[in-house]
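Working notes, structure below.
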Amino acid sequence: MSFATCDLCDANEDKIADSSLTVLPPVFQSYGKRAAFAGPAATLKVFEDNVLVRAALETQGAGRVLVVDGGASLRCALVGGNLGVLAEKNGWAGILVNGCIRDSVEINACDIGVRALATHPQRSIRKGVGESDIRVSIAGVVVNPGDWIYADEDGILVSRAPLF
């Protein structure tokens, strides 16, 4: 799948106007081998706890993007190198984390795309608290399960429907 988020924005100004296509604020850093990735969203809402993140990545991704609303916490990481390998092995297109990752060198070796606010060396707690397959808010933008995520070097888009 080849695309440019700039071209998608230009070709879909009507969708931007009616809010069925939204651009995330430019606050995310890029990790992983895939500079560009796209797919339907699978959503999680967690806070400083990555048990549900691991559980999701243990399933077949089928080209989806795991969208993790980590409450924008900068106090620990929700995804590390082992989860990056798991995501690659199970066919996830990418991971969007409203929070931190760790093991960035290991994640950068994985054939997936990852966007996160920052890196943090501390791992999360493991209590298994959170929700999956729900509407989440990432940097002020609503993401529903099944919405399409398009990410490249210029930005991240959330679309209610596939754009091509």
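Using the Cβ-Cβ distance between S132 and A35 with R0 set to 22 Å, the FRET efficiency works out to roughly 0.20.
Dividing the helix sum by the residues of the chain, where each DSSP H run of 4 or more adds -39500 (n - 2.57), gives a mean residue ellipticity at 222 nm of -5000 deg cm²/dmol.
Going by how many other beta carbons lie within 10 Å of each one, how would you line up T43, T22, fewest first?
With the fewest neighbours first, T43, T22 line up as T22, T43.
Computed about the Cα centre, the dipole magnitude for the chain is approximately 680 debye when only Lys and Arg (+1) and Asp and Glu (-1) carry charge, each at its Cβ. Straight Cα distances below 25 angstrom link K33 to the lysines K89, with same-chain residues fewer than 8 positions distant left out. Beta bridges assigned by DSSP with both partners in the chain are antiparallel in approximately 50 percent of cases. Relative to the current alpha-carbon distance between S20 and A55, full extension at 0.36 nm per residue lengthens the span by 9.6 nm. The Cα atoms of the range 5-159 define a convex hull whose projected area, averaged across directions, is 7.7 nm².
With a ≥ b ≥ c the root eigenvalues of the C-alpha gyration tensor of the range 1-77, is it rounded (a/c under 1.5), prolate (a/b larger than b/c) or oblate? Taking the square roots of the gyration eigenvalues as a ≥ b ≥ c, the range 1-77 is prolate.
Local charge for T22 was computed over the other residues whose Cβ lies under 11 Å away, with Lys and Arg +1 and Asp and Glu -1, and equals 0. Would you give the gap between the C-alpha center of the range 113-164 and the C-alpha center of the range 1-25, rounded to a whole Å? What the calculation gives is 17 Å, centre to centre.
Values in this text are rule-based calculations from the coordinates and carry no lab data. What you are looking at is a predicted structure, and each value in this text was computed from that prediction instead of being measured. Glycine gets a Cβ as well: all are built from the backbone with ideal geometry, and neighbour counts include every protein chain shown.
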